[in-house]
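Notes follow once the structure below has been shown.
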Amino acid sequence: QVQLVESGGGLVQAGGSLRLSCAASGRYAMGWFRQAPGKERELLAAISWSGGITYYADSVKGRFTISRDNVKNTVYLQMNSLKAEDTAVYYCAASTRRVGVITPSKEYAYWGQGTQVTVSS
């Protein structure tokens, strides 16, 4: 059974930074999503199984960075220059595909429990 454990959410002022972590029970292609109240879940960033390819949504490009530690089976999302509109529940997700970055949410079979990020303006 694949397990994903997220940590690092919290309350931060606009302009601040947070780093989310997602510890997995194995090595997978990974993605970070978020869902705000009344909005659809959106993919923010994804990283390939090897770590060599990354993808970013336009809404976070230049502000967020996805990375992975393949020894620790942990994926990170460094979030800088946070804005009030970044407030949401953030989820990591895992795909068993080993080629490329995975963008469709339906390709992710495993999901973390979510962590709240609140950015005060």
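Could you list, ordered by first residue, the pairs with Cβ atoms under 8 Å in which the first is in the stretch 10-39 and at negative phi and the second is among the aromatic types (Phe, Trp, Tyr) and not in a strand (DSSP E or B), at least 6 apart or interchain?
Final answer for the pair search is Arg27/Trp49; Tyr28/Trp49; Ala29/Trp49; Gly31/Tyr108.
Do you know which residues across the stretch 32-59 are of a type in the set (Gly, Ala, Ser) and closer than 22 Å to Thr118 by Cβ?
Looking only at the stretch 32-59, we keep the residues that are of a type in the set (Gly, Ala, Ser), and these are 36, 38, 45-46, 48, 50-52, 57, 59.
Within the stretch 32-59, Ala36, Gly38, Ala45, Ala57, Ser59 meet the criteria.
Quick check: anything in the stretch 43-50 buried (at least 18 other Cβ atoms within 10 Å of the Cβ) and either touching a residue at least 60 places away in the same chain (Cβ under 8 Å) or among the β-branched types (Val, Ile, Thr) (or both)? Explain how you work it out, then say what you get.
Going through the stretch 43-50, the residues buried (at least 18 other Cβ atoms within 10 Å of the Cβ) turn out to be 43-49.
Subset that is either touching a residue at least 60 places away in the same chain (Cβ under 8 Å) or among the β-branched types (Val, Ile, Thr) (or both): 43, 47.
Yes; the residues of the stretch 43-50 include at least one that is buried (at least 18 other Cβ atoms within 10 Å of the Cβ) and either touching a residue at least 60 places away in the same chain (Cβ under 8 Å) or among the β-branched types (Val, Ile, Thr) (or both).
Identify all residues within the stretch 1-21 that are open to solvent by 30 Å² or more (accessible area, probe 1.4 Å) and in contact with a Ser or Thr (Cβ under 8 Å, 6 or more places away or on another chain); write none if there are none.
Gln1, Gln3, Ser7, Gly8, Gly9, Leu11, Gln13, Ala14, Gly15, Ser17
Out of the stretch 79-121, which residues are assigned to a strand (DSSP E or B), farther than 18 Å from Pro37 by Cβ and open to solvent by 20 Å² or more (accessible area, probe 1.4 Å)? Steps first, answer last, please.
Of all residues in the stretch 79-121, those assigned to a strand (DSSP E or B) come to 79, 88-95, 110-111, 115-120.
Narrowing the set further to residues that are farther than 18 Å from Pro37 by Cβ leaves 79, 92-95, 110-111.
Tyr110, Trp111 - these are the residues of the stretch 79-121 that are assigned to a strand (DSSP E or B), farther than 18 Å from Pro37 by Cβ and open to solvent by 20 Å² or more (accessible area, probe 1.4 Å).
Residue check: is Thr54 over 20 Å from Ser105 (Cβ atoms) and either touching a strand residue (DSSP E or B) at 6+ places or on another chain (Cβ under 9 Å) or not aromatic (Phe, Trp, Tyr) (or both)?
Values: over 20 Å from Ser105 (Cβ atoms): no; either touching a strand residue (DSSP E or B) at 6+ places or on another chain (Cβ under 9 Å) or not aromatic (Phe, Trp, Tyr) (or both): yes.
No: the conditions fail for Thr54.
The values are calculated or read from the model by the stated rules, or taken from the named source; none is laboratory data. Nothing here was measured: the structure is a model prediction, and the numbers come from that model. Every residue, glycine among them, receives a Cβ derived from its backbone with ideal geometry; neighbour counts consider all protein chains shown. Remember, those area values only see protein heavy atoms, side chains included, never the ligands or the DNA or RNA. Shrake-Rupley method; radii C 1.70, N 1.55, O 1.52, S 1.80 Å.
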